[in-house]
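For reference, the structure is listed below as structure tokens.
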């Protein structure tokens, strides 16, 4: 009976999230908030006064998701009530609110019951200014997403803003997530989800902060559905069901803001947050029916999608002439691939480096010479295939976009595409959206864990920062002291991605400006001559920077020389005393520095730093500072080598101490004294 009366509902849902225990009943006390009832005391709340960088404070936010009967159907109802204090003008952005609304071919989400107001304390009284409907705007993103945007009036420093709204959704798979932590402190944040027994959801939690409330309750709810009589007139029949409902309740109290830190992919990976994914249906009197897709099923769907993999199923005959010209007389498949890659990279402009779909046809991209990262790399894939090569598009999430959950196939977590090329036993990952990227190279932002190939096997491609090895070699040679200046030569082979940055700087401002910036990085007066950058056009290789220099050291009786010159670590890159999150570097680094000098005529060495070796976690890092004087020659070899890119929070204090030692040691100087 239940299934028959609800036959038009695509999916009916029960929840199988387990292990949630009630820790507190604080929500009953703190969760009470009535719209428009703002007290004077809320303007003077000092609980986050210690966070001097807070530009706003979320006083209270309460959200809920539940299912409601809607005629002969169910709808998912999401409600939000939020109250925020604007501390200063840097928090004014919170006065503009964006609500995403999703739509399909025939159904769409609706924004209901929107109310918003601003409150200011004037002459000891709370003055309310309600938002007018003319402050509500539509901002269409794409064919499946519309954003409702509204801006609250009368906002100034010290204003409290408040808004409440409801989103009614016919899409039962889209159970809204909730983020309990963010850029601003929150005094109270809570979310409840009530799910009938017809549905199972997977719970995807993340974050480090503890819940003040974490509980679940069981109850029954009555739904009444209207069914049309078949072949008859008159009033519709009403059908009532009373399923069991599980209500989950989470809340946090006085949770601090989370701020970006150095060496982290994105703080969004570590905010306290809960997401959901529909996993199964539980119809009465029937076996449980899993609905959670697999990666293979998802990628097969994306292979057919007209605005993604489907374009590769077409003949794409308009590419034939160009591809034939490019591969003519190529002796190997590798040469063919490199010619095609170089042509696409050099002739197309990427207009958006964060995208998931094609917005234009492949032919329009080809003729228009521009496109987003998906369009440019789909064009590259199609051209490689037209040349008879095995190439597949690969979806990934960049480091700043967050991790992709490998156990939950959610395509919305991707935001970037590259190309995986296989030639014999070798494979190459390509990205033609970056104009200075060499063949077989990917930007560091791509190294964010497992990516997925759009093929029938959803073949994983592992792009881990630990696999990205970056070496830097520097050599400095000092000569004589003449007229108060010491001469020398500098040569450096930076890492590949440091070289990429150099290429960008030179392309944007020229070589002269690049070397002017180097000169400014030295303390004291310095003159650079014989300046050169080798291999700048060999995009598969790191560059080599070279120059000669004369550095003023004065004519004093004592001369101080730091043998690391401008290459020393001047400060510890790990500034916080403690850290809750992992340390996530972009690659595994190995920095080698050599220094040679002859003691200038008329001088002797008064002080020489001592050699030192320090290890971090036994084999995970090493610092070598090996210096010696043989007669009048001084030689230094300094190396900082890490064997991994990612470190757990418990490693942080040791890593910080390791770099403290490096900073102190590299600050030591050679002291030369004039002979009497």
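Would a scan of segment 426-433 turn up a residue that is surrounded by 15 or more Cβ atoms within 10 Å (Cβ to Cβ), in a loop (DSSP other than H, G, I, E, B) and either modelled with pLDDT under 95 or in the same structural domain as residue 502 (by TED's automatic domain parsing) (or both)? Within segment 426-433, not a single residue is surrounded by 15 or more Cβ atoms within 10 Å (Cβ to Cβ), in a loop (DSSP other than H, G, I, E, B) and either modelled with pLDDT under 95 or in the same structural domain as residue 502 (by TED's automatic domain parsing) (or both). Of the residues making up segment 457-507, those that are within 20 Å of residue 431 (Cα to Cα) and in a strand (DSSP E or B) are 460, 461, 462, 463, 469, 470. The strands (runs of 3 or more DSSP E) falling completely within segment 232-282 include none with 3 or more residues that are free of Cβ contacts under 8 Å to residues at least 12 places away in the same chain.
Within segment 613-639, count every residue that is within 30 Å of residue 480 (Cβ to Cβ) and surrounded by 15 or more Cβ atoms within 10 Å (Cβ to Cβ).
Our first condition is that a residue be within 30 Å of residue 480 (Cβ to Cβ); within segment 613-639, this holds for 624-639.
When the remaining residues are screened for being surrounded by 15 or more Cβ atoms within 10 Å (Cβ to Cβ), the result is 624-625, 627, 634, 636-639.
Counting residues in segment 613-639 that are within 30 Å of residue 480 (Cβ to Cβ) and surrounded by 15 or more Cβ atoms within 10 Å (Cβ to Cβ) gives 8.
When segment 41-59 is filtered for residues that are modelled with pLDDT of 85 or more and surrounded by fewer than 14 Cβ atoms within 10 Å (Cβ to Cβ), only 41 remains.
Restricting attention to segment 100-137, which residues are in contact with a strand residue (DSSP E or B) (Cβ under 8 Å, 6 or more places away or on another chain) and at positive phi? If you could, list the steps in order and put the result at the bottom.
First pass over segment 100-137, keeping only residues in contact with a strand residue (DSSP E or B) (Cβ under 8 Å, 6 or more places away or on another chain): 100-103, 108-121, 126-131, 135-137.
Once the filter is applied, which keeps residues that are in contact with a strand residue (DSSP E or B) (Cβ under 8 Å, 6 or more places away or on another chain) and at positive phi, segment 100-137 yields only 113.
Does segment 288-307 contain any residue that is part of a loop (DSSP other than H, G, I, E, B), at positive phi and either surrounded by fewer than 15 Cβ atoms within 10 Å (Cβ to Cβ) or assigned by TED's automatic domain parsing to the domain that holds residue 180 (or both)? The answer is no; no qualifying residue exists. Here residue 316 meets each of (1) exposed (fewer than 12 other Cβ atoms within 10 Å of the Cβ); (2) over 26 Å from the mean Cα position of the chain (by Cα) with one exception, condition (1). Is it true that residue 519 is surrounded by 13 or more Cβ atoms within 10 Å (Cβ to Cβ), over 33 Å from the mean Cα position of the chain (by Cα), part of a helix (DSSP H, G or I) and at pLDDT below 95? Here the answer is yes, as residue 519 does meet what is asked. Taken over segment 172-182, the residue count meeting the criterion of being at pLDDT 95 or above and either in contact with a helix residue (DSSP H, G or I) (Cβ under 8 Å, 6 or more places away or on another chain) or within 15 Å of residue 111 (Cα to Cα) (or both) is 0. Across segment 321-378, the number of residues qualifying as in a helix (DSSP H, G or I) and closer than 17 Å to residue 310 by Cβ comes to 9. So which residues in segment 523-561 are buried (at least 16 other Cβ atoms within 10 Å of the Cβ), part of a loop (DSSP other than H, G, I, E, B) and over 38 Å from the mean Cα position of the chain (by Cα)? Scanning segment 523-561 gives a single hit, 553. Screening segment 183-205 for residues that are closer than 13 Å to residue 272 by Cβ and surrounded by fewer than 18 Cβ atoms within 10 Å (Cβ to Cβ) and picking the one that is modelled with the highest pLDDT gives 205.
Residue-by-condition table, conditions (1) out of contact with any helix residue (DSSP H, G or I) (no Cβ under 9 Å at 6 or more places or on another chain); (2) crowded, with 20+ Cβ neighbours inside 10 Å; (3) outside the structural domain of residue 175 (by TED's automatic domain parsing):
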{"site": "334", "(1), (2), (3)": "yes, no, yes"}
{"site": "347", "(1), (2), (3)": "yes, no, yes"}
{"site": "350", "(1), (2), (3)": "no, yes, yes"}
{"site": "370", "(1), (2), (3)": "no, no, yes"}
{"site": "390", "(1), (2), (3)": "no, no, yes"}
{"site": "395", "(1), (2), (3)": "no, yes, yes"}
{"site": "417", "(1), (2), (3)": "no, yes, yes"}
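Do we find that residue 38 is in a loop (DSSP other than H, G, I, E, B) and at pLDDT 90 or above in this structure? Here the answer is yes, as residue 38 does meet what is asked.
Selection of first residues in segment 498-524 that are in contact (Cβ under 8 Å) with a residue 40 or more places away in the chain and of second residues that are part of a helix (DSSP H, G or I) and surrounded by 11 or more Cβ atoms within 10 Å (Cβ to Cβ), restricted to Cβ pairs under 6 Å at least 6 apart or on distinct chains, gives the following pairs, ordered by first then second residue: 521/566; 522/566. Only a single item in (1) more than 39 Å from the chain's Cα centre (by Cα); (2) without any contact (Cβ under 8 Å) to a residue 40 or more places away in the chain is not met by residue 622, and it is number (1). Listed conditions (1) buried (at least 18 other Cβ atoms within 10 Å of the Cβ); (2) modelled with pLDDT under 85 are all met by residue 230, apart from (1).
Considering (1) closer than 18 Å to residue 429 by Cβ; (2) modelled with pLDDT of 95 or more, the lone condition that residue 371 does not fulfil carries the number (1).
Please verify whether residue 530 is at positive phi and at pLDDT 90 or above, treating the condition exactly as stated. Judged against the criteria, residue 530 is a match.
Every listed requirement among (1) surrounded by fewer than 20 Cβ atoms within 10 Å (Cβ to Cβ); (2) in contact with a strand residue (DSSP E or B) (Cβ under 9 Å, 6 or more places away or on another chain); (3) farther than 30 Å from residue 670 by Cβ is met by residue 456 save one, (2).
The values are calculated or read from the model by the stated rules, or taken from the named source; none is laboratory data. Keep in mind that what you see is a predicted model, and the values were worked out from it rather than measured. All Cβ positions, even for glycine, are placed from backbone atoms using ideal geometry, and neighbour counts span all protein chains on display.
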